[in-house]
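So the structure is just underneath, and the comments pick up after that.
The values are calculated or read from the model by the stated rules, or taken from the named source; none is laboratory data. Keep in mind that this is a model prediction, so the values were computed, not measured. Because the Cβ atoms are built from the backbone with ideal geometry, glycine has one as well, and the counts that use them run over all protein chains shown.
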Amino acid sequence: MTSRARFLDSHPSYTATSALDDLRASEYGRLDALGQVYLDYTGGGLHADSQVHEHAALMSAHVFGNPHSASPSSSAMTNAVERARAAVLAYFNGTGEYTAVFTLNASGALKLVGESFPFKPGGRLLLTADNHNSVNGIREFARTKGATTDYAPLTVPELRIDTTALDARLAQADPARANLFAFPAQSNFSGVKHPLSLIDRAHARGWQVLVDAAAFVPTNRLDLRLVSPDFVAISFYKMFGYPTGVGCLLIRNTALPTLRRPWFAGGTVNFATVQARGHVLASNEAGFEDGTLNYLSIPAVEIGLRHLERVGIDTIQTRTHCLTDWLLTELLALHHDNGRPVVHLYGPTTCADRGATVTMNFHDANGTLLDFRRIEELAGQDGISLRTGCFCNPGAGETAEGLTEDDMRAGLAEGADITLPRFLQVMQQRGNRSLGAVRVSLGLASNIADVDRFLQFAAGFRDQTTVAVGALTVDDPNCRVIRDGS
């Protein structure tokens, strides 16, 4: 039986997603035309041809101006922006209950919460070890304002939030204070889906809740009538590839009055005076949308949401679930002739409560860790786009590799000139460990041929030695300061 036949035999629901094969041919044909295998959907989605064409047609048919005016061109743009805003709220079933604030990206949305949340002495910020750095950065706002910051650890080896430890930390809050709990709906490191039931769990103990949904919503439905976080950060290019430069913060209307902007800017005020040294902040979303919005791109958000609705998020979820399960099964079965595994997987080894993100490191036949940057280089030569590094998620990487606080302080001791290669050298001096890994992630346009190409690539390391695989030979962007993106 061929590999494809075995896959279809073990995943019969995959055939129900055949419409995605037609969609790939009509909308994402450049993948096969160029012989490319795209496995970085957690880093960024791919746009459909029709999204770009429809957006270009809209731009060509209208005269759009800066929306901060009442002119005909400005009014037309304001109407287009508000249609997109309404479409976002409708897509997440938050109409009437949430306010949608357009931002540059998910990081910009998270920064809005961090700078505006009323942290004070006696209040608390609780993060998880699995948070993206754009969430970790909120601790600096909390620290500056005197609030206590803590982290809920992860379990090993599945890298799930330790709910016992989480409950103990949630119980430490004074409900009369301003307390914020932030967690990702899906890990951008391991693909773990952290339970959305944590929202009610935290609310019951006097916490407001911020959900980083950037890695979750490209393949999952987030229904804000079923779960009610106070704040949700999303990034549209991760959902449907185009446009970049537009994200969103969804704010529950009951939580909106608790936020206090620390400054004002163009577009966020109804009135400002130099002589009287005062200002009146605009209400609702206008008070948070600093300066001029990326207004020509925002209508493309509505187009992208319509595209997802036509495809069907359930269809995308079914396909990526089948492909991820097959990928995990085949990688676990991959061994050197001496019985050693070729790859070490991080996080769950089954598809139970996990998404379509799979992170791993490769080892040679002697069990020696292969340089993940060399893996990326070789994958690129084979036409495979994947991602390596720590994915702006240091806590999950530290937990996965068993790194200690002393290990990380050894890296900090290198000072401002620390680079990823230098940190790897420090870790190698302390043992055969790495903060980085190889990540493949699947999405809307993925198919079994993509997975098979990667599995064939991975099998090529069977019975290879570190010497045979070779060292990094190009000026790799990961050699810069640790800034390896999401």
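Just wondering, is there one or more residues in region 14-26 that are over 20 Å from His307 (Cα atoms), out of contact with any His (no Cβ under 6 Å at 6 or more places or on another chain) and of a type outside the set (D, E, K, R)?
Yes, that holds for at least one residue.
Evaluation of Glu54 against the conditions (1) surrounded by 13 or more Cβ atoms within 10 Å (Cβ to Cβ); (2) out of contact with any strand residue (DSSP E or B) (no Cβ under 8 Å at 6 or more places or on another chain); (3) under 24 Å from Leu328 (Cα atoms) shows that the sole unmet condition is (3). Name the residues in region 362-399 that are more than 17 Å from Asp40 (Cβ to Cβ) and either within 20 Å of the chain's Cα centre (by Cα) or in a helix (DSSP H, G or I) (or both), would you? Across region 362-399, the qualifying residues are Arg374, Pro394, Gly395, Ala396, Gly397, Glu398, Thr399.
Taking the conditions (1) surrounded by fewer than 20 Cβ atoms within 10 Å (Cβ to Cβ); (2) among the polar types (S, T, N, Q); (3) within 19 Å of Thr465 (Cα to Cα) in turn, Asn361 satisfies each one other than (1). Scanning region 273-287 for residues that are among the aliphatic types (A, V, I, L, M) and in contact with a helix residue (DSSP H, G or I) (Cβ under 9 Å, 6 or more places away or on another chain) gives a single hit, Leu281.
The rows are residues; the columns are (1) outside the structural domain of Tyr91 (by TED's automatic domain parsing); (2) more than 22 Å from Gly355 (Cα to Cα); (3) crowded, with 24+ Cβ neighbours inside 10 Å.
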{"site": "Leu196", "(1), (2), (3)": "no, no, no"}
{"site": "Gln208", "(1), (2), (3)": "no, yes, no"}
{"site": "Ala215", "(1), (2), (3)": "no, no, yes"}
{"site": "Thr219", "(1), (2), (3)": "no, no, yes"}
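Of the helices (runs of 4 or more DSSP H) entirely within region 403-481, those holding at least 3 residues that are at pLDDT below 80 and more than 28 Å from Arg354 (Cβ to Cβ) occupy 420-429.
Quick check on region 134-145. Is at least one of its residues in the same structural domain as Arg261 (by TED's automatic domain parsing), touching a helix residue (DSSP H, G or I) at 6+ places or on another chain (Cβ under 8 Å), over 23 Å from Glu302 (Cα atoms) and among the basic types (Lys, Arg)? Among the residues of region 134-145, not one is in the same structural domain as Arg261 (by TED's automatic domain parsing), touching a helix residue (DSSP H, G or I) at 6+ places or on another chain (Cβ under 8 Å), over 23 Å from Glu302 (Cα atoms) and among the basic types (Lys, Arg), which makes the answer no. Does region 70-83 contain any residue that is at positive phi and in a loop (DSSP other than H, G, I, E, B)? No, region 70-83 contains no residue that is at positive phi and in a loop (DSSP other than H, G, I, E, B). Of all the criteria given as (1) closer than 28 Å to Val311 by Cβ; (2) surrounded by fewer than 24 Cβ atoms within 10 Å (Cβ to Cβ); (3) touching a Leu at 6+ places or on another chain (Cβ under 8 Å), the one not satisfied by Ile234 is (2). Scanning region 102-129 for residues that are within 14 Å of Leu293 (Cα to Cα), surrounded by 23 or more Cβ atoms within 10 Å (Cβ to Cβ) and of a type outside the set (Ser, Thr, Tyr) turns up Phe102, Ala109. Is it the case, given these coordinates, that Arg310 is modelled with pLDDT of 95 or more, surrounded by fewer than 15 Cβ atoms within 10 Å (Cβ to Cβ) and within 30 Å of Phe7 (Cα to Cα)? Criteria met by Arg310.
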